[in-house]
1. Taking the criterion of being open to solvent by 10 Å² or more (accessible area, probe 1.4 Å), within 20 Å of Val58 (Cα to Cα) and in contact with a Leu (Cβ under 8 Å, 6 or more places away or on another chain), would at least one residue in segment 120-127 satisfy it?
2. Looking only at segment 410-449, which residues are of a type in the set (A, V, I, L, M), out of contact with any strand residue (DSSP E or B) (no Cβ under 8 Å at 6 or more places or on another chain) and either open to solvent by less than 40 Å² (accessible area, probe 1.4 Å) or within 18 Å of Gln383 (Cα to Cα) (or both)?
3. Within segment 236-283, how many residues turn out to be closer than 30 Å to Lys218 by Cα, of a type in the set (A, V, I, L, M, F, W, C) and assigned to a loop (DSSP other than H, G, I, E, B)?
4. Are any residues in segment 459-486 at negative phi, in contact with a Lys or Arg (Cβ under 8 Å, 6 or more places away or on another chain) and away from the ligand (no atom under 13 Å from the Cβ), and if so, which ones?
5. For segment 384-393, give me each residue that is touching a helix residue (DSSP H, G or I) at 6+ places or on another chain (Cβ under 9 Å) and either buried (at least 24 other Cβ atoms within 10 Å of the Cβ) or outside any helix (DSSP H, G or I) (or both).
6. Based on this model, can you work out whether Asp404 counts as free of Cβ contacts under 8 Å to residues at least 24 places away in the same chain and either within 29 Å of Ser453 (Cα to Cα) or under 28 Å from the mean Cα position of the chain (by Cα) (or both)?
7. How do the pairs read when you match residues in segment 356-367 that are of a type in the set (Val, Ile, Thr) with residues anywhere that are in a helix (DSSP H, G or I) and crowded, with 21+ Cβ neighbours inside 10 Å, using Cβ under 8 Å and keeping only pairs 6 or more apart or on different chains?
8. Just to be sure, is Val488 buried (at least 21 other Cβ atoms within 10 Å of the Cβ) and not in a helix (DSSP H, G or I)?
Amino acid sequence: MRTRLTALVASTAVAGGLLLGTAGPPALASTVAGPSSTSATAQPSPAQRVLPTPTSLVTRTGTLTFSRASVIDVGAHARPDTLQVAQDLAAFLRTPTGYPWRVVRGGSTGDAGRVVLAVGGPSGLGTEGYRLDVDGTSARLTAPTADGLFHGVQTLRQLMPPSVEAATVQAGATWSVPQVLVTDTPRYPLRGAMLDVARHFMTVGEVERYLDAMVPLKLNTFVLHLADDQGWRLAIRSWPRLATYGGAIETGGTPGGYYTQAQFRQLVAYAAARHITLVPQIDLPGHTNAALASYAQLNCDGVAPPRYTGTDVGFSSLCASKPVTYRFLDDVLSEISALTPGRYVSIGGDEAHSTTAADYTKMVDAAQRILHRNGKQMWGWHQTAAADPARGSVAAYWGTAGSDADIALAQEAAAKGERLVMAPADHAYLDMKYDASTPYGQDWAGLVSVTDSYTWDPATLVPGVPDSSIAGVLAPVWTETLPSIGPVEYMAFPRLAGIAQLGWSTQRSHDLEAYLVQLAAQAPRWEAAGVRFYRAPEVAWRRFGG
Ligand code: TNX
């Protein structure tokens, strides 16, 4: 099942016709009303609408109103990637507005609202920044890269009425945006979400739906947890039983599933079209029961265990002393590397409680060598710092407050030149319950309210790790208790927005009260897009008609 957000990426090309606009209808406050809104519903200010908070947002007076004659102008010399961003925006806007939204290559004039996209802009915007300048006749978006343009499009989208997210034409709506000047760059280069499809299998459509919901939050990395004790979810040609047997069931014993390599490529491409890099994650040497059950020879004693349908961790291990283990690693990681254009492949490396320290290092190091040979860098949890991670590899930190052993490993990772990605379980684990009454989730890292998920600073979370070692943030969703994408969304939203804001926005702009209002402004948008979310008690959800 796909949400309306799918249309943000065009599947149909647009002919480059030229159409000059006529004046649109007079600028009015948004006429959009969700089913529960009343005419008295307040409109959020521009600063309240844009999440994550931009580096700088100046509100001017007046609005820019789009009309049937509005075009998207990429200029005469647009690069293909700029044109693609424009076409994606056009496709997204056509559905709710019913307007043609032609993409033109220069020459648009007149006072119909138009969107102008161009590569360029002031210096200092980096590889993902953008500038959005909205006056009474146009919204001018400039960025040094297509990634920056795409992020700028998300800001423009959030400035439009919530019903821009709707899957059907919204007859009679007025499509206005406030006049603003936004200059925006991310705090950290890596802002990610992780989804566990091993504990409960999610279909391609479900994963695509999650990717769609990540897009407005300017997240750029998606870790897909493909193998664990309960299931192996990616077809491996050289070891076919991993998927056909090891992937056949899931937690609780219900039928599982796996992705063919073609389906996996489709997911990689779907993410890439949304300017998101997919990082495949195959957990090892622990969390490997599905593999051990599929192939007896991978076990030290040569006996395959039964498939596992419970929720314990830390009981399985690959066998460090067997040559076949290294053949297995080579085959699997080489196939996955070939399927993955991104620079990272994750080998997990957490909770290897049934592996000795020496065996752990031996297998993690072997995995890393294989990845390097395949042109990839290793991504793993912070436990991999105990092995010999190369400079530039990623250590994702999931420790909780006061866990000294985890802190020491994070410091070791930084000292070895790894890039740290902050995913503290007591703030960023989106499978933790919000409160004791949350119908899904776990609580081993504590209850994580919406406030808790936002109230931390990636730079100072772990003492002794310099900010220069921190690449960004990651919000994992583990799915032992989450059977499908609906519950996943309920756990992720709104907390994923808080993690995205921590990764993108300056620490100076960190403001809990303001953030809770920003969330209220997202409510009608998530409703229109069909994204499930939890109405956390600290947010005044109805404030803007949500
Ligand atoms: C710990 S933290 C895990 C996962 C579980 C999760 C449940 C980490 C890297 N591993 O295997 O699914 O807790 O919350």
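1. Initial filter on segment 120-127 (open to solvent by 10 Å² or more (accessible area, probe 1.4 Å)): 120-124, 126-127.
Now narrow it down to the ones that are within 20 Å of Val58 (Cα to Cα): 121-124.
Restricting the remaining residues to those that are in contact with a Leu (Cβ under 8 Å, 6 or more places away or on another chain) gives none.
No, there is no match, as no residue in segment 120-127 is open to solvent by 10 Å² or more (accessible area, probe 1.4 Å), within 20 Å of Val58 (Cα to Cα) and in contact with a Leu (Cβ under 8 Å, 6 or more places away or on another chain).
2. Of all residues in segment 410-449, those of a type in the set (A, V, I, L, M) come to 410, 413-415, 420-423, 425, 428, 430, 432, 436, 445, 447-448.
Cutting the leftovers down to out of contact with any strand residue (DSSP E or B) (no Cβ under 8 Å at 6 or more places or on another chain) gives us 415, 436.
Scanning segment 410-449 gives a single hit, Ala415.
3. Residues in segment 236-283 being closer than 30 Å to Lys218 by Cα, of a type in the set (A, V, I, L, M, F, W, C) and assigned to a loop (DSSP other than H, G, I, E, B): 1 in total.
4. Within segment 459-486, Ser469, Ile470, Ala471, Val473, Ile485, Gly486 qualify.
5. Thr384, Ala385, Ala387, Asp388, Pro389, Ala390, Ser393
6. yes
7. Val364/Thr384
8. Values: buried (at least 21 other Cβ atoms within 10 Å of the Cβ): yes; not in a helix (DSSP H, G or I): no.
So Val488 fails the test.
The values are calculated or read from the model by the stated rules, or taken from the named source; none is laboratory data. Owing to the predicted nature of the structure, the values given are computational and were not obtained by experimental measurement. Cβ sites come from the backbone with ideal geometry, for glycine too, and all protein chains shown count toward neighbours. Note: accessible area is taken over every heavy atom of the protein model, side chains too, but ligands, DNA and RNA are not part of it. Shrake-Rupley method; radii C 1.70, N 1.55, O 1.52, S 1.80 Å.
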